[in-house]
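Everything on this sheet refers to the single structure shown next.
The values are calculated or read from the model by the stated rules, or taken from the named source; none is laboratory data. Quick caveat, the model's predicted, so the values are computed rather than measured. Methodologically, a virtual Cβ is constructed for each residue, glycine included, from the backbone with ideal geometry; neighbour enumeration extends over all protein chains shown. In case anyone asks, the SASA skips ligands and DNA or RNA and just uses the protein heavy atoms, side chains included. Shrake-Rupley method; radii C 1.70, N 1.55, O 1.52, S 1.80 Å.
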Amino acid sequence: MNQPPTSTSHAALPPGAVPGQPGNPLAQRDERWQIRVRGLNKTFGPQHVLRGVDLDIERGRTNIIIGGSGQGKSVLMKHLMGLLHPDAGEIWVDGVDVVPFTAAEMSKLRRKFGMVFQYAALFDSMNVVENIAFPLIERYNLSRDEIMERVRDLLRRLDLAGVDGIEKKIPPELSGGQRKRVGLARALIDRPEILLYDEPTTGLDPVATKNVDEMIRQTADDFGVTSVVISHDMASTFRIADRISMLHGGKIVVTGTPQEVLASRHSALREFVETSGLVAPEEGGQT
Amino acid sequence: MTTSSSADNPPEIPKIERRLRGALEYLIAPGTIILDYFGVRAIMLGSATAALFRRPFRLRLFLEQMEFVGVGSLPIILLVGFFSGAVSAQQAINALRIFNQERFVGATVGISLAQELAPVFTGLMITARAGSGMATELGSMRITEQIDALSTFAVDPIQYLVTPRLVATTLIMPIMTMVFNIVGLVGAYLFSIYFEHVDLGQFTEQFTYWTDPKDYMIGACKALVFGVTLSVAACYQGFNVRGGAKEVGRATTSAVVSGSVSILVSDYFLIDAFHILWPYKS
């Protein structure tokens, strides 16, 4: 297992540098980039989903990964959290390559992460309080009062405390937006450094979508977490993103601030942006 | 017309080699399918068993599953047990009456219930009720990403979901088998004495003479094995669902079919093994 050196660096991997070897700038805790992915490859049978993904996730910012359906966004996100193992490539989290991690090391690493699933993935057999408290119950030996205090604090901060009888409700009794918020509360309860959102606005009406966008933005500001959101909702993306990366054909083809991405001439990105109605279509886009 | 260069194409395999490879694959296919079928289930059984001895120990989950498998299945076990005993007695009396030996009905039903009917019928009932429930629940958890969510909280899904179901089913099966035996005997007794007017003394005397504790031991051992096979079949099917609601339905059907078949097939081999260990009384 690689250990992060004490010094910090803002440098990107220089041309020709070999990742994983002494002097590799990726093997240092970087104040700007929290997660750095290099050459990530993943195949499922004959399907080559990720074909050498290079991606940098900015610390404390809202990083959005966009891309069409079936491009491997969820697969990439599951790699970030160690739910899938790559065929090749490196994933550096705070200057440590986590790909060679053992199951025990990976379990420890996952405490840095919180994940908000597409449809919240709340446990059907538990009520709202039990769902939110689940990570605390599993990981620590806290008293019931301590757990309830943290759960109620989160319910208050995520505007759920006002919902009548919310604590005892079970997931099927919640609306789509409430489910997302409870899912977010569960992801936040153990104070993660990195929060992953898997298509958080899928299946929501425009008003609920706007609310979830505000929730993501607010969470990033209030809790100071690094947010990684995968989405194909361009309106949402440009509302909340600090940094956008586009996954296309198994690779990150465009990355940068929203302004830089809007100015990109990449054909797949132009098509994506133009069909979303954010900008008017233009003639002769380049790749 | 395709005009790709030879560099793009993989090197061509000679025809004879292709045919030999095809023939070999055809010959070993059944073997690999069988090995794969048992292998993946054996891996799940091994992982779930290993997880039993690792912290944390979640007693609540074990008790919940015991309640689901045991208490939940009790009404159907009582119902099926009673009528299985009564029907067995009816068939035995019909056959024994030919030789004027109805008095042996207690012994006949007692042994067949203890060694065969109780463990097998209990296994089938629990497969149908609890096994299908396990496959559906785990399948639904899989497609709604609840199992992935467990992993994100550094909780081993096998330890959290499969181990309690495996242990609960394995422990509950012998108990339910004993319950089946008792109500089955009650059914046989009531039918024989009140409907067929078999002599009460002869019924009980033949039953106590011919039926041994080892018959119940055999039944309990079989029930333990059936508990393992049916719970592994159900958990494997549910845990590995991919897709949507349709696949959950398919997994449930497969769980019941594979659980039932595994009970009936293993029963054949188990009874042989037990009769070598404990031969019939002659």
(request) Output the residues belonging to the stretch A:13-44 that are open to solvent by 70 Å² or more (accessible area, probe 1.4 Å) and at pLDDT 85 or above. (result) A:PHE44
(request) With the checklist (1) within 11 Å of chain B (Cβ to nearest Cβ); (2) basic (Lys, Arg); (3) more than 22 Å from A:GLU193 (Cβ to Cβ) in hand, flag the one item A:ARG139 doesn't pass. (result) (3)
(message) Restricting to the stretch A:243-261, name every residue that is crowded, with 16+ Cβ neighbours inside 10 Å and in contact (Cβ under 8 Å) with a residue 24 or more places away in the chain.
(response) A:ARG243, A:ILE244, A:SER245, A:MET246, A:LEU247, A:HIS248, A:GLY250, A:LYS251, A:ILE252, A:THR255
(request) Select from the stretch A:154-175 the residues that are part of a helix (DSSP H, G or I) and surrounded by 15 or more Cβ atoms within 10 Å (Cβ to Cβ) and write down the one among them that is modelled with the highest pLDDT. (result) A:PRO171
(request) Hey, can you tell me all the residues within the stretch A:181-200 that are assigned to a helix (DSSP H, G or I) and out of contact with any strand residue (DSSP E or B) (no Cβ under 7 Å at 6 or more places or on another chain)? (result) A:ARG181, A:VAL182, A:ALA185, A:ARG186
(request) Determine which member of the set A:HIS85, A:HIS10 is open to solvent by 40 Å² or more (accessible area, probe 1.4 Å), in a loop (DSSP other than H, G, I, E, B), modelled with pLDDT of 90 or more and of a type outside the set (A, V, I, L, M, F, W, C). (result) A:HIS85
(message) Need pairs with beta-carbon distance below 7 Å; first residue without any contact (Cβ under 8 Å) to a residue 40 or more places away in the chain and within the stretch B:154-174, second polar (S, T, N, Q); sequence gap 6+ or separate chains.
(response) B:ALA154/A:SER107
(request) Being open to solvent by less than 20 Å² (accessible area, probe 1.4 Å), away from chain B (no Cβ under 11 Å) and within 24 Å of A:GLY165 (Cβ to Cβ) narrows it down to one of A:VAL116, A:VAL128, so name that one. (result) A:VAL128
(message) open to solvent by less than 10 Å² (accessible area, probe 1.4 Å), in contact (Cβ under 8 Å) with a residue 12 or more places away in the chain, within 14 Å of chain A (Cβ to nearest Cβ) and out of contact with any Lys or Arg (no Cβ under 7 Å at 6 or more places or on another chain): is that true of B:LEU150 in this structure?
(response) no
(message) Could you go through the stretch B:236-249 and let me know if any residue there is within 14 Å of chain A (Cβ to nearest Cβ), of a type in the set (A, V, I, L, M, F, W, C) and in a helix (DSSP H, G or I).
(response) yes
(message) Name the single residue that is surrounded by the most Cβ atoms within 10 Å (Cβ to Cβ) among those in the stretch A:95-113 being without any contact (Cβ under 8 Å) to a residue 12 or more places away in the chain and at the interface with chain B (Cβ under 8 Å from one of its Cβ atoms).
(response) A:SER107
(request) Return the residue satisfying two criteria in turn: it lies in the stretch A:54-82 and is on the phi < 0 side of the Ramachandran plot and assigned to a loop (DSSP other than H, G, I, E, B), and of such residues it is least open to solvent (accessible area, probe 1.4 Å). (result) A:MET81
(message) Whether any residue in the stretch A:193-214 is more than 14 Å from every other protein chain (Cβ to nearest Cβ), open to solvent by less than 80 Å² (accessible area, probe 1.4 Å), among the polar types (S, T, N, Q) and without any contact (Cβ under 8 Å) to a residue 12 or more places away in the chain is what I want to check.
(response) no
(message) Name the single residue that is farthest from the other protein chains (Cβ to nearest Cβ) among those in the stretch A:66-89 being closer than 16 Å to A:GLN34 by Cα and touching a helix residue (DSSP H, G or I) at 6+ places or on another chain (Cβ under 7 Å).
(response) A:GLY82
(request) Scan the stretch B:7-27 and give yes if some residue there is open to solvent by 40 Å² or more (accessible area, probe 1.4 Å), in contact with a Phe, Trp or Tyr (Cβ under 7 Å, 6 or more places away or on another chain) and not in a loop (DSSP other than H, G, I, E, B), otherwise no. (result) no
